[in-house]
Amino acid sequence: MWKRFPFTLKVGRYTTRPVSSRPMSRRHQLTVANAVIDLESILAELRQAPEGLSAQELGDLLEFNRAQLKALTSLLNRLASIGLLRRHGQDFVLANQPRALIGTIRQRRRKLIHFIPDDLAMRRLGRMRVELEEAGGAFDGDRVIATVSRPNARNERDARVEMIVKRGVLRIIGRLHFGLPNRSERWRDAWVESLDEKFLHDIDLTTTEGKELNANLSDGYIVIVEITSYPGFQRHPQGHIVEALGANSDEMGMDINIVIHKHDLPHVFPDEVLAEADSYSETVSESDCAGRRDFRGVATVTIDGETARDFDDAISLRKLNDPDKRGHFELGVHIADVSHYVREGTALNDEARLRGTSVYFPERAIPMLPERLSNGICSLNPNLDRLTMTALMEVDARGRVVNYELCESVIRSDERMTYTNVNKVLQGEDEELSRRYAPQLGLFKTMEELARILIKMRNERGAIDFNLPEAIFNFDDEGRIAGIHKADRNIAHRLIEEFMLLANETVAGHFARLAVAAVYRIHEDPEPQRVIEFAELAHSFGYGFPFSDVTSHDYQVLSQELSGKPEEKVLAYAMLRSLQRARYAASIKGDIGHFGLASATYTHFTSPIRRYPDLLVHRTLRGMLKRGAQTSATNSFKNPPPLSFADLQVMAEESSERERAADAAEHEIDDWRKAKFMNERIGEEFDGTIINVKDFGFYVELDDVFIEGLVAVQTLIDDFYRYDERIHALVGRAGKRFHLGDRVRVRVDRVNVDRHLVDFSLIGHQGKTRAMQRPPVHSKSGKHKPRFGKRKR
């Protein structure tokens, strides 16, 4: 029996049931007791008195009464015990090297919590993860004092919240309900069911507000609630509604509104930002072009997707005919000069930094810059003069950059092309298109020739290409999902990818050679434990993979071996999970590198309209130009960096955080749309592949529609199954196994659209793909060796 308490907590995938809560810890009780004390003012006084102050002296300076003085004494003793202060007799002084730090909690999901210290030097040491049980009742936006552990192998530190200094403004999106939520609970006039997994509590509204809402809003209305009282022992959190979004989550566009608020995505430009954008002319003047390299007479094209409206990049290309440069290409990658318009210290820059990146949903985008800039003066629209930053590279027949020039420029794009049309022209599939773009056909053929050289060069270097399918949604006239299909990725996509990669590497290499502080895109080596886990999985399918000293070439070789095999998708996903996530970081040497691309140094230079780090890279490059550095392969640079290293480190971490939030929002919308699509197909049967196995069941990805769901272990009633971690399978007592890569047939049983969860039941099991019962031990050479006995010579 569950012990009944008057509050609920979301558990599992669907159920809401009463659970008991642990009593508040002493550190949380101290927080409650000291809520009236302004810690910042105490620390300010102590900074001005390096010799120290007693509790009585601090109380006199801050004009505290007797009750406040008593609370102050308890607080000072607590701060000394956790290491923020030191005590000398009756006096308290700031610790020279404190064991505890003051900062802010950032929480994206329930178990994804980070501590951001105020101290910039500590912030630059790496991310600080907070386990859920170590959060001490803190939520997103709270100001806290935390103790920090030593760094692990990934240079990450764990943090433990010791005290909540000040609650932040926490707003949760949820569904409004009236009356009794559960038979075991007391009556509530109005309450809100949270739709945000980082705050899985039902939120009480005041009786007065509940009665007012009952007259204006219907049950099930989607609302935003600001938390005023946090959950405690036998106590629901409380809040008040700050915004009503719509009658239900099935309304057109409501899912996007919910995701925007859940992930705290800025989506409305302030008036001063729009006014600043409107102040720029829609045309480029000759004075703007002064001092720039003029490429307006050079054949230049943009190639993007059909729905793109903001064109960051344009390409020019020609073969060189000089006798000593035979087989060489001159590639021009021209990137929109956003830094000319978005200057430091302006409202436009502050808003771009806050957003960090543009966010793209299936039928809507949240741009980093106002439309007047992103789709207007900055966008490289055809037949219009546009300001650019250019990487002009001489590439030899092996794909190596033998010379380059980086400069401010002006271009006039000749054509706005799409990937689909360029591919049709190159394949000769459409005679009408071929006639229309006959003047550009030679350019496209040269592009394809160079792209294939670059692809070969990257393959030889060991760059990884997982080639995982991307889902594209088809909508009917009423905006409902009509189908889901695999996105095409043809040679036209590869053209632009290869040229952008080359430009990014060239700019990064230039910064590194001159030892200038800049923002880099880094991808560290995978963690050893994850490599071991993946190697064991690969061996269970009969593939060789090293357990240690792994290189990107090892991943590439396995990826090529998997191509076209039934288990390709399963192992490709597992490969991806074994790698670390790429991120932004400031560096002077630029020697961290990019594991996945097998690149010694790499940055993001090619998308400043939609990524703030690219804008920072442009500023660094412009600053070098203004300080007299003719940025080419032969110059030197002795002047101080245009942007400070400390500032770049902070902005790089901010940009990584905003990128993670944007990615999470985009993935959640995809999951939401997939759940809606499957909600209309309950009872239907599909074929699929087991792509992940856990102790509570296995996940199946359906063929063709790229949707996954759970077959819970409790639905497998033919036997008792346990999870065998070594072979990544659920194993029954009778010997039946459900293994990664197995082909199965399932029925759609249940769908929770709000939680984006799909539950399947098993209809048929086709058995193993190529899984072996016992994985072999693997050597660095890539060849198998027996598990027992000596190796054969």
Relative contact order (%) - the stretch 459-582, alpha-carbon pairs under 8 angstrom, separation at least six: 32
Calculate what fraction, in whole %, of the accessible area of the chain sits on carbon and sulfur atoms when a 1.4 Å probe is rolled over the protein chains. 47
Coil-residue GluC sites (Glu not before Pro) of the stretch 406-492, DSSP, other Cβ within 10 Å capped at 12: E429, E470, E478
Using only Cα atoms, locate the centre of the stretch 467-532 and the centre of the stretch 639-694, then give the distance between them in Å, rounded to an integer. 13
Sort 81-94, 319-332 by the packing proxy (mean of other Cβ within 10 Å over each peptide's residues), most packed first. 81-94, 319-332
Computed FRET value (nearest 0.05) for E460 with L94, which takes r as the C-beta separation and R₀ as 45 Å: 0.20
Full-extension gain in nm, K445 to S74, via 0.36 nm per residue minus C-alpha separation: 126.0 nm
Test of the criteria: in the stretch 675-720, which GluC sites (Glu not before Pro) are in a DSSP loop and have at most 13 other Cβ atoms within 10 angstrom of their Cβ? E680, E684
Per DSSP H run of n ≥ 4, the term is -39500 (n - 2.57); total these for the chain, divide by its residue number, and report the mean residue ellipticity at 222 nm rounded to 500 deg cm²/dmol. -9000 deg cm²/dmol
At R0 = 51 Å, FRET efficiency that the Cβ-Cβ distance of D324 and K694 yields, to 0.05: 0.25
Roughly how big is the chain's charge dipole about its Cα centre, with Cβ charges of +1 (Lys, Arg) and -1 (Asp, Glu), in debye to the nearest 20? 3860
Which loop-located trypsin sites (Lys or Arg not before Pro) does the stretch 716-767 contain, where loop means any DSSP state but H, G, I, E or B and the Cβ has at most 16 other Cβ atoms within 10 Å? R726, R733, K736, R755
Which whole-number percent gives the relative contact order of the chain, counting Cα pairs below 8 Å spaced six or more residues apart? 9
For the chain, with every protein chain kept in place, what is the accessible area per residue (1.4 Å probe, Å²)? 47
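Using per-residue counts of other Cβ atoms within 10 Å, averaged over each peptide, order 498-509, 280-291 from highest down. Write out the running numbers ahead of the final one.
On the way: 498-509: 23.4, 280-291: 11.2.
Ranked by mean Cβ neighbours within 10 Å, highest first: 498-509, 280-291.
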Mind checking which of A503, Y419, N403 is farthest towards the positive end of the stretch 387-520's charge dipole, using Cβ charges of +1 (Lys, Arg) and -1 (Asp, Glu) about the Cα centre? N403
In the structure displayed, which of K198/K676; K486/K569; K111/K262; K262/K486; K456/K589 lie more than 19 Å apart, Cα to Cα? K198/K676; K262/K486; K456/K589
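The values are calculated or read from the model by the stated rules, or taken from the named source; none is laboratory data. Keep in mind the model is a prediction, meaning the values are calculated, not measured. Heads up, the Cβs are rebuilt from the backbone with ideal geometry, glycines too, and the neighbour counts pull from every protein chain shown. With ligands, DNA and RNA removed, areas are computed over all heavy atoms of the protein, side chains included. Shrake-Rupley method; radii C 1.70, N 1.55, O 1.52, S 1.80 Å.
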